[in-house]
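The values are calculated or read from the model by the stated rules, or taken from the named source; none is laboratory data. All of these numbers come straight from a predicted model, not from anything done at the bench. A quick note on method: Cβ atoms are made from the backbone with ideal geometry, for glycine too, and the neighbour counts reach across all protein chains shown. Quick note on the areas: whole protein, heavy atoms, side chains included, nothing else; ligands and nucleic acids left out. Shrake-Rupley method; radii C 1.70, N 1.55, O 1.52, S 1.80 Å.
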Amino acid sequence: MAVGSGMTQYRRLKSPGSTYYFTLCAQVRGSSVLTDNIGLLRDAWQATFAEFPAIPHAVVILPDHLHAVLTEPEDEVNFSERWRRFKARVSHAVDVPGPPRSSLAARREKGFWQRRFWEHRIRDAADFRGAVEYCRTDPVRHGLVARPEDWAFSSFRRTGNIAHPTAA
């Protein structure tokens, strides 16, 4: 892309075998579009992770966004393609009311998700614990439940304590 073209170039630190913290947001913040379509999200997750495996350490789906802590395979980094396919699968499966804005239609987007995602490469065990704890407690922060373990759309209901991938 030419310098000065007016488009932002996103540079993502891609390190095989590294652990990352991700946030994906629905286009309409304040909605309950993700939890309303939890079955579709689970189906999209399974299909996408079958194609582009990663090790999930923590996942929480809130009404309008989700957080995940994942470790990439040792020999590759696929998180951009993994999230692109996941978001596309969900978008195609969900019925979004009304026609998309012309800027979205030009890119064949429905406007279900915000266009990009946020990622942070986990640096050490303390960073890992902080990211996992954020996932665990975010439903409480948003006033959805009184205790993290009461949130139905969280990996913590199944896994309990989670150890850093490099911890012995």
Going through the stretch 65-97 one residue at a time, which ones are over 20 Å from Thr19 (Cα atoms) and either touching a helix residue (DSSP H, G or I) at 6+ places or on another chain (Cβ under 6 Å) or of a type in the set (A, V, I, L, M) (or both)? Ala88, Arg89, Val90, Ala93, Val94, Val96
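Quick check on my filter: what residues within the stretch 107-152 are aliphatic (A, V, I, L, M), farther than 17 Å from Gly30 by Cα and under 19 Å from the mean Cα position of the chain (by Cα)?
Once the filter is applied, which keeps residues that are aliphatic (A, V, I, L, M), farther than 17 Å from Gly30 by Cα and under 19 Å from the mean Cα position of the chain (by Cα), the stretch 107-152 yields Ile122, Ala131, Val132, Ala152.
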Expected single match for modelled with pLDDT under 95 and β-branched (Val, Ile, Thr) among Val140, Val94, Val132, Val145 is Val94
Exactly one condition in (1) modelled with pLDDT under 65; (2) within 30 Å of Asp95 (Cα to Cα) is false for Arg11; which is it? (2)
Of all residues in the stretch 50-87 being surrounded by fewer than 21 Cβ atoms within 10 Å (Cβ to Cβ) and among the β-branched types (Val, Ile, Thr), which is farthest from the chain's Cα centre (by Cα)? Val77
List, please: which pairs have Cβ atoms under 6 Å, are six or more places apart or on different chains, and start with a residue in the stretch 16-38 that is closer than 30 Å to Asp124 by Cβ and end with one that is open to solvent by 30 Å² or more (accessible area, probe 1.4 Å) and assigned to a strand (DSSP E or B)? Ser18/Arg121; Tyr20/Glu119; Tyr20/Arg121; Tyr21/His120; Phe22/Glu119; Thr23/Trp118
If you scan the stretch 38-52, which residues turn out to be over 18 Å from Phe117 (Cβ atoms) and either basic (Lys, Arg) or in a loop (DSSP other than H, G, I, E, B) (or both)? Arg42
